[in-house]
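To start, the structure under review is shown below, and the notes come after it.
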Amino acid sequence: MKSSELDYSLPPELIAQHPLERRDGSRLLVHDRAAGETRHRRFDELQDELADDTLVVVNDTRVLPARLRLGENGTWEGLARPSRKLKAGQRLGPVELLEPLGEGRWRLRLEGEPAGEAPLPPYIHERLDDPERYQTVYAEREGSAAAPTAGLHFTPELLARLDVERVTLHVGLDTFRPVAAEDLAEHALRSERYEVTAESWARIESAERVLAIGTTTVRVLESLARGAPLAGRTELFVTPGFEFRRVDALLTNFHLPRSTLLALVMAFAGVEETRRLYRVAIEEGYRFYSFGDAMLVL
C-alpha cells in the first residue's frame, strides 16, 4: 500500500480544539458492515448499537504528564525540539540528553519523576484547563505518551451499562510520527509495552463478540490472538490485508492523514469504505482527532 493512499483533505475548522462539556455527548458515526448501512448517533446511545453478548475491551493506560516513555536501564525516551540545536551531554534542568535517536527523539536521563503539562498533540492549540479531560475515566496504569483517545468518550454511567474488560498498552511516541516512507511496508513501527492478566484474556478469548475501544486495544488483542505472551512489547503493524482473529467490532476516533492508525482502520473497515466514511464525516461536520467525535464499525 502506498502511503499516499492514507491522504485526505480536512477543513481546519473540523479539528476539535477542546473536549465537549460532557464526554458522551459527542457524535457517533456507525457503519454496519453486514447490513451495509451507515447511521448517525450520539455516543451515549452506544449500547443500543451493540449485541447483548458483546464484551467491550478498553485500554486502561494513563498518560504521563510529559512527552516521555520509559526506556532501558532507567533511561527515558522523549521528544525535544528544536532537536538540531541540542547536543548529547547537555543538561536542561533535571534532564540530561544522552543520545539523539532521530526525528526529534532523544534518549535521556531524568532526575526524579516526570512533571509537566498534558502532552497534547501539536494540532491542538487551545489550552486544556482540566488535564483529566486528556485521560479516560478508567485510566489506571501510568506510562503513555498520548491518550487512547477513543476511550475519552466514556462516562462511568455509560461503562456501568456495558460488559467491560481491561487491557494495558502504553502508547509510544510513534503516535506523533506520520508515515514518511513512500511504501507503507517500509515504515518501521516501534514496539510498545502491554500487559494483560490471565483472567482478562480468558474472558476475551472466549467472548462471543469483542468490541475493541481504539486502535491500541486492537494491537494488544490481535498480538495475543497470534500467541504473544500476556506481557511484553508488540510491534504488530496492522495494515490492509490483515486477518483479524479476535476483534469483531472497532470503536475509534477520526485519525490524521498518513498515520498508522488510519491504516489500521482501513484494514478493518476496508480501504474504499473508510475513505467513504471519512467523506461522510466531513460532509456532516463531524469533529476530528483527539477531542473529536467517534466512529463505530460493526
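The values are calculated or read from the model by the stated rules, or taken from the named source; none is laboratory data. Predicted model only: the values in this text are computed from it and were never measured. Using ideal geometry, Cβ is built from the backbone for each residue, glycine included, and neighbour counts are taken over all protein chains shown. Ligands, DNA and RNA are stripped out before the accessible areas are found, and what is left, the full protein with its side chains, is counted by its heavy atoms. Shrake-Rupley method; radii C 1.70, N 1.55, O 1.52, S 1.80 Å.
Please work out if T260 is among the polar types (S, T, N, Q), within 21 Å of E45 (Cβ to Cβ) and in contact (Cβ under 8 Å) with a residue 40 or more places away in the chain. Against the criterion (among the polar types (S, T, N, Q), within 21 Å of E45 (Cβ to Cβ) and in contact (Cβ under 8 Å) with a residue 40 or more places away in the chain), T260 does not qualify. Is it the case that some residue within region 257-268 is out of contact with any Pro (no Cβ under 9 Å at 6 or more places or on another chain) and of a type in the set (K, R)? No - not one qualifying residue is present in region 257-268. Looking only at residues that are assigned to a loop (DSSP other than H, G, I, E, B) and in contact with a helix residue (DSSP H, G or I) (Cβ under 6 Å, 6 or more places away or on another chain) in region 129-170, which one is surrounded by the fewest Cβ atoms within 10 Å (Cβ to Cβ)? This residue is R161. On the stretch given as region 78-110, residues that are exposed (fewer than 15 other Cβ atoms within 10 Å of the Cβ) and in contact (Cβ under 8 Å) with a residue 60 or more places away in the chain total 1. Taking residues in region 27-39 that are in contact (Cβ under 8 Å) with a residue 60 or more places away in the chain and under 16 Å from L250 (Cβ atoms), and partners anywhere that are of a type in the set (F, W, Y) and buried (at least 19 other Cβ atoms within 10 Å of the Cβ), the pairs with Cβ atoms closer than 9 Å and at least 6 places apart or on different chains are L28/F43; L29/F254; L29/Y286. Residues that are buried (at least 19 other Cβ atoms within 10 Å of the Cβ), part of a strand (DSSP E or B), at pLDDT 85 or above and within 19 Å of the chain's Cα centre (by Cα) occur at least once in region 3-21. Quick check on region 39-55. Is at least one of its residues closer than 22 Å to V171 by Cβ, modelled with pLDDT of 95 or more, open to solvent by 20 Å² or more (accessible area, probe 1.4 Å) and in contact with a strand residue (DSSP E or B) (Cβ under 7 Å, 6 or more places away or on another chain)? Checked region 39-55: no residue is closer than 22 Å to V171 by Cβ, modelled with pLDDT of 95 or more, open to solvent by 20 Å² or more (accessible area, probe 1.4 Å) and in contact with a strand residue (DSSP E or B) (Cβ under 7 Å, 6 or more places away or on another chain). Residue-level check: of (1) among the polar types (S, T, N, Q); (2) within 22 Å of L264 (Cβ to Cβ); (3) at pLDDT below 95, S83 misses just (2). Tell me, yes or no, whether region 235-257 has at least one residue that is of a type in the set (G, A, S) and farther than 24 Å from R190 by Cβ. The answer is yes; a qualifying residue exists. The single condition from (1) in contact with a helix residue (DSSP H, G or I) (Cβ under 8 Å, 6 or more places away or on another chain); (2) among the hydrophobic types (A, V, I, L, M, F, W, C); (3) part of a loop (DSSP other than H, G, I, E, B) that A35 fails is (1).
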